[in-house]
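Chemist: Please see the structure below; I have some questions.
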Amino acid sequence: MGEIINGKEVALKVKEEIKSFTEGKKQEGKRMPKIASILVGDDGGSIYYMNNQEKVSTSLGVDFKKVVLDKNITEEELINTIDNLNNDNEVDGIILQLPLPKGLNEKNVIKKISPSKDIDCLTFESQGKLYMGEPEFLPCTPNSVVTLLKSLNITLEGKKVVVLGRSNIVGKPVAQLLLNENATVTICHSRTKDLKEVTSEADILVLAIGKPKFIDETYVKEGAIVIDVGTSRFEGKITGDVDFHKVIEKASYLTPVPGGVGALTTTLLVKNACEAYKKHEN
């Protein structure tokens with residue numbers, strides 16, 4: 001029977017660091033770090049994420065500005081809004097809730113975010129720096145995966161890691177962060193042949209495909225560490241890519257969904273805003 005990796009517990013330690021930082025600034029009479037979060041339209045998932053980001057930010061002493069725009073806004077108007085936030089010296093980090101409504105070119109809009117405020121690591125420049133090993137900010141979900149692994153006090157160097165999923169948001173950047181830790185990384189996807197053979201050789205298995213309960217114990221090596229990044233709605237509940245009760249019997253460690261990777265991600269986003277604040281202050 002494996003152990004559960006508690007993302008909330010790991011997040012608490014990071015939250016204490018952030019709180020200590022913001023309280024220090026308050027005592028110095030300085031302004032607080034500030035995040036601006038842009039929501040275009042009324043996507044339910046985006047509203048949920050934005051509200052959660054606000055809740056975590058304000059609880060840690062970080063100012064949070066909601067910028068809610070009509071779904072029929074023109075691309076030019078949205079870009080003007082981003083330009084204004086780029087030029088606002090009191091805003092340290094900009095978050096753009098995705099997906100954008102149809103008719104808006106996501107790539108065009110994202111590249112208008114200033115890299116020095118791109119705390120979600122969305123722009124081409126931020127991603128390029130990540131792959132060159134010189135990141136401005138670490139992307140929050142991939143960083144959450146690596147932070148949880150490090151909380152286990154294991155050596156990542158030389159470990160066989162299999163990442164299932166090749167998205168630009170999770171799969172590719174998490175593979176890069178693990179490469180930076182000198183792990184041996186294989187990326188699998190929907191066209192991978194003999195998938196079970198590949199995944200069952202992994203010391204660490206990272207799952208980010210969004211298929212509820214897709215991975216059972218037959219995909220997992222005895223004693224492997226399994227990190228479940230997937231989130232899907234299944235039978236009315238938020239569920240990961242792992243069939244939890246089957247895999248926990250075989251893995252040495254497993255993250256739950258919810259309460260695992262996602263529990264830490266928003267906290268790391270707020271931490272990035274504090275890092276941006278430090279750079280803007282200097």
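Chemist: Does GLY236 satisfy the condition of being among the small types (Gly, Ala, Ser), out of contact with any Phe, Trp or Tyr (no Cβ under 9 Å at 6 or more places or on another chain) and more than 14 Å from VAL146 (Cα to Cα)?
Modeler: So GLY236 fits the description; yes.
Chemist: GLY133 fails exactly one of the following numbered conditions: (1) small (Gly, Ala, Ser); (2) under 27 Å from GLY223 (Cβ atoms); (3) surrounded by fewer than 21 Cβ atoms within 10 Å (Cβ to Cβ). What is the number of that condition?
Modeler: Just one mismatch for GLY133, condition (2).
Every residue, every condition in (1) small (Gly, Ala, Ser); (2) assigned by TED's automatic domain parsing to the domain that holds ASN86; (3) on the phi < 0 side of the Ramachandran plot, yes or no:
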residue	(1), (2), (3)
LYS172	no, no, yes
LEU177	no, no, yes
ASP194	no, no, no
SER252	yes, no, yes
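Chemist: Here is a follow-up. Looking at HIS189 and the list (1) surrounded by 24 or more Cβ atoms within 10 Å (Cβ to Cβ); (2) under 28 Å from TYR48 (Cβ atoms), which single condition is not satisfied?
Modeler: (1) is the only condition that HIS189 fails.
Chemist: Let me ask something additional. Please specify each residue of the range 1-47 satisfying the condition of being among the small types (Gly, Ala, Ser) and over 14 Å from TYR277 (Cα atoms).
Modeler: Of everything in the range 1-47, those that are among the small types (Gly, Ala, Ser) and over 14 Å from TYR277 (Cα atoms) turn out to be GLY2, GLY7, ALA11, SER20, GLY29, SER37, GLY41, GLY44, GLY45, SER46.
Chemist: Within the range 23-73, take every residue that is in a strand (DSSP E or B) and in contact (Cβ under 8 Å) with a residue 60 or more places away in the chain and give me the one that is farthest from ASN89 (Cα to Cα).
Modeler: The extreme case among them is VAL40.
Chemist: Mind listing just one residue for me: the one in the range 1-14 that is touching a helix residue (DSSP H, G or I) at 6+ places or on another chain (Cβ under 6 Å) and in a helix (DSSP H, G or I) and, of those, nearest to ILE248 (Cα to Cα)?
Modeler: Per the criteria, the residue is GLY7.
Chemist: For the range 14-45, give me the residue count where each residue is charged (D, E, K, R), at pLDDT 95 or above and within 23 Å of PRO258 (Cα to Cα).
Modeler: Residues meeting the conditions: 2.
Chemist: Would you point out the residue of the range 21-49, among those that are surrounded by 12 or more Cβ atoms within 10 Å (Cβ to Cβ) and of a type in the set (S, T, N, Q), that is farthest from the chain's Cα centre (by Cα)?
Modeler: THR22
Chemist: Separate question: For a quick check of your reading of the model, give me the residue pairs whose first member lies in the range 203-218 and is under 14 Å from ILE238 (Cα atoms) and not assigned by TED's automatic domain parsing to the domain that holds GLU235, whose second is at pLDDT below 95 and surrounded by fewer than 16 Cβ atoms within 10 Å (Cβ to Cβ), with beta-carbon atoms closer than 7 Å and at least 6 apart or on different chains.
Modeler: Short answer, once both residue conditions are applied: none.
Chemist: Check LYS172, LYS271, LYS221, LYS196 and return the single one that is over 21 Å from the mean Cα position of the chain (by Cα) and part of a helix (DSSP H, G or I).
Modeler: The match here is LYS196.
Chemist: Within the range 105-127, is even one residue farther than 21 Å from SER37 by Cβ and either in contact with a His (Cβ under 9 Å, 6 or more places away or on another chain) or without any contact (Cβ under 8 Å) to a residue 12 or more places away in the chain (or both)?
Modeler: Checked against the condition, which is being farther than 21 Å from SER37 by Cβ and either in contact with a His (Cβ under 9 Å, 6 or more places away or on another chain) or without any contact (Cβ under 8 Å) to a residue 12 or more places away in the chain (or both), the range 105-127 yields no hits at all.
The values are calculated or read from the model by the stated rules, or taken from the named source; none is laboratory data. Every value quoted in this text rests on a predicted model; they were computed, and no experiment measured them. Here the Cβ is made from the backbone with ideal geometry for all residues, glycine too, and neighbour counts use every protein chain on show.
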